[in-house]
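The values are calculated or read from the model by the stated rules, or taken from the named source; none is laboratory data. Here the structure is a predicted model, which is why all the values come from computation and not from measurement. Using ideal geometry, Cβ is built from the backbone for each residue, glycine included, and neighbour counts are taken over all protein chains shown. When the accessible area is computed, the model is the full protein with side chains, heavy atoms only, and any ligands, DNA or RNA have been set aside. Shrake-Rupley method; radii C 1.70, N 1.55, O 1.52, S 1.80 Å.
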Amino acid sequence: SGLVPSHWWAKRVPWMTRQAGRFFLLVLAGLRAPRSVDAEEDCWIGDFTEDRCCDTARQGPKGDVACWSEGYSYETCCGRPYSSDRSVLAARPALRPRTPASHVGIAEEMPFARSGDRESFTDVSRRCWRSGYNFVYCCTRARPGGNPECWSGGNFTYEKCCRPPVPPSAANFFEDVNCERGATAEGWQKLRDDLVNTVELASLGRLAQKRPDPADLRWHLRRKLREQDGECPIGVFATRLALVLLCLSTTKASECDATWSVAAKAMRAGAASIVQWTSTTWPVLELLLHLTRSIAAPDPDCEEKRDDVDWPLLHAESRDIARGLSGAVMLELAGHPRNVDQFSGPCEAGHEWNAVVRWNMCARTEVRCVKSSTALLDWKLLHASQSGEDLRRWAARAGEWNLPLWQIELLSGTTRHHYSLGLSLAELQAIGVAGPSEASGCVDMNAESDQVGEMPFLMETTSHSVDRCRAGCASSAAIGNEMWAFAGVIPQLSASTDRFCLCALAGARLLPLRANCSATAGLVPVYGIPEQRSPATLLGELTVRGGPDVVARPVLSAAAHSVESLDAGTVFASMVFGHMVKYLDQFSKHIQRLGIPNVVLYVLDDDAESTCQALAQSRGFPKFCLRGYQRTALQKYEVVLAYLLLGRDVFWFDFDSIWLKNPVPVLQDILGDRRPFPADPALADAMGVPRASQADVLTAVDVDSVNNAMNAFFWIRSTEETREWLPFFLNLGFHRPHAPDQL
């Protein structure tokens, strides 16, 4: 099957239509991370010049962020390493056997680059699609081997440009930002509840009244934090913020210096991310709201007009969020000079407020705009975390501009999920995106030098380091393209040394775990890299008597048991919860009248579940009610993935879709010949297999777009490729909670 390049969606192809009901055959696979690029050849075109894009003096630490998109970054084009993206960890080709001088870097922008002779998806897109050539024009199936006008041999062939590889599921890093998985989750969630209660007390003015005594709350939170096991950077930082707030409520400000310093250290350890602050279930912004207000102080640099920016006007607007933005402020923001140094110029909190407002304006339509805003805000947070005094100074100026309140009010509305997948750790392990929690053994780095490889751990945060290394090793390969079986973290011998991940092949000798399994003895604990199970294996595991109970894997287990009651053919899945439940009765009657088969409803609350089950018992429709446990934009892809992993093709349709006819005959007509066909589309075409029947994904063009694939309804064939691709797509949305979830 062919592939759609990552840049293809953004290109406006004139001959595509706006017909929302017309299906386009999109055979999709995964995206991968960029390799090092030849900047002179690949990066600079038109207005995108090295002088403009790499100018750190005027544009900030990553140059002009407007220059960067998927596959193009400051690191790959300007050649100066810098990393602020905590959502990914990947290795560039190739990860070599362990020697002091041979290792690979870590890609910042996109995960998943496999080494050996296989290029990453983004590599292919950047190399092949330029000078007017694009995927649609060149990889057409109108004739075997695509459009011959595109191919000149060498790097430009149908095979090299139209068939990039699919990322393995284990390469997806679904970071447990909220600390909701594993054996330590219960303790962290109780601590989070305590912080929510602390915010409520502050909101009611109880802390100022010393009811209860803030000193008692400080003691309680410190004790609870000491009791927690495992990693939870956002939880530690939120607790440290609460302790600063309580300290200021009980003692003189000068006596809280150490508390500020500890909070800054917690922030540096992996919690300096504005996207995480706005999307986590921990009350970080709420705590900052009370903390910054209590120490707010004016910034003299914001008291007069500078660099053609009317800072007094903007500051006055920031003081009253209830009235909204005035016309004068909107005009001021629209005319904000591009040449102003937002990273180190005067009135820093004003620049942050400006970034928050711009983020809210464009979050629903332009992902690049969000990226530029988050780059600025994260840069400010990074500097604020350098010391307790830096954090206190930043908080005072943020309070003067009401920054946390604007972030709560404006950015929370653009959040599509809160890092909660609605799948348990056991379910993530079953689908091959999470590995075992316990180490498999120890590897002797010196004795097994031909079986291991190193990867520098260049991420600014070291949180969840084992899972990051596991994703990095899974996305790489040893010399000979053999995939790694184990991953671990090589401990630092000193604070000044770099951190490295260790990747080990299946042939590496594992020693029993011991207390002295450390780098000082040349031993590193390693963890297994999971592999996605086959549908037959997974179905058997989930339905066998005496196997893992439904409590551990509720969604997957219920889906597996539903397969027995479903007819052969495509599963039609939809989702309902909340106020939409009142339409479930009419929905059921209409879908049943049209004769749409195998309908599974993903019900996300108690009311939806009880109503669905009552209809299923009285009418025999829907066919099955599958209970879900979160209510976010990610849920639709999870129910689709569940049935794909069980070997069933899936047709997803939004609950508010209005069907005029049964789509089954149309599907059968589109798919046509379902006989087995070769993987090479050129051979399939030569054999006369209809092109439509070769598709892995069917989708439509969005009604208000020229070429944007909609996700209101789509069909996916269950193949090894799509079962690997959909977790990757889900991972993209997971790490971009403010981005639209359209394909």
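Under the simplified labelling scheme, the ALA568-GLN630 pair shows an inter-label distance of 3.6 nm, with each label point 7 Å from Cα along Cα→Cβ. Peptide packing for 386-395, 234-243 was compared via the average number of neighbouring C-beta atoms within 10 Å per residue; ordered from the highest value, the list is 234-243, 386-395.
Taking the Cα of GLU227, stepping 7 Å toward and past its beta carbon, and measuring to each backbone N in the range 167-204: which are under 18 Å? Only 180, 183-198 pass the distance filter.
Could you tell me what fraction of 2.2 N^0.38 Å the Cα radius of gyration of the range 184-226 comes to, as a two-decimal ratio?
Values: Rg = 11.0 Å, N = 43, 2.2 N^0.38 = 9.2 Å.
The value comes to 1.20.
Take the Cβ atoms of GLU304 and GLU389, set R0 to 25 Å, and the FRET efficiency comes out at 0.45. Ligands, DNA and RNA are left out, and with a 1.4 angstrom probe the accessible area of the range 532-627 is 47 Å² per residue.
With 0.36 nm allotted per residue and the present C-alpha distance subtracted, the THR250-SER437 stretch has 63.2 nm of extension available.
Entry comment: accessible area of the range 190-278 is 45 Å² per residue, from protein heavy atoms only and a probe of 1.4 Å. With all protein chains kept in place, the per residue accessible area of the range 303-453 amounts to 41 square angstrom at a probe of 1.4 angstrom. Ligands, DNA and RNA left out, the accessible area of the range 261-340 computed with a 1.4 Å probe is 50% carbon and sulfur.
Which of rounded, prolate, oblate describes the range 396-459, given a ≥ b ≥ c as roots of the alpha-carbon gyration tensor eigenvalues and a/c under 1.5 marking rounded, otherwise prolate only if a/b is larger than b/c? It is oblate, given that a/c is not under 1.5 and a/b is not larger than b/c.
Sort 214-225, 342-353 by packing, meaning the average of other beta carbons within 10 Å per residue, with the highest value first.
342-353, 214-225
With R₀ fixed at 30 Å, the C-beta to C-beta distance from LYS190 to ALA322 puts the FRET efficiency at about 0.30.
Contact order, relative form, for the range 134-230: 16 percent (alpha carbon pairs under 8 Å, 6 or more residues apart, mean separation divided by residue count).
Pairs of Cα atoms in the range 281-358 fall into 5 Å distance bins, from 0 up to the last occupied one, in shares of 3, 13, 24, 25, 18, 11, 5, 1 percent. Binning the alpha carbon pair distances of the range 128-222 at 5 angstrom intervals from zero yields the distribution 2, 10, 13, 9, 6, 6, 6, 4, 4, 6, 7, 7, 7, 6, 4, 1, expressed in whole percent. Accessible-area rank, largest first, for VAL544, VAL664: VAL544, VAL664, with all protein chains present and a 1.4 angstrom probe. Rg of the Cα atoms in the range 212-371, relative to 2.2 N^0.38 Å, amounts to 1.22.
Rounded to the nearest percent, how much of the accessible area of the range 554-662 (1.4 Å probe, protein heavy atoms only) is carbon and sulfur?
Ligands and nucleic acids excluded, carbon and sulfur reach 52 percent.
Using a cut-off of 27 Å between Cα atoms, the listed pairs LYS160/LYS636; LYS305/LYS380; LYS62/LYS160; LYS582/LYS623 include LYS160/LYS636; LYS62/LYS160 as exceeding that distance. The alpha carbon centroids of the range 244-268 and the range 609-672 are separated by 52 Å.
Between LEU594 and GLU531, what FRET efficiency follows from the Cβ-Cβ distance if R0 is 30 Å, with the result rounded to 0.05?
Values: r = 40 Å, r/R0 = 1.34.
For R0 = 30 Å, the calculated efficiency reads 0.15.
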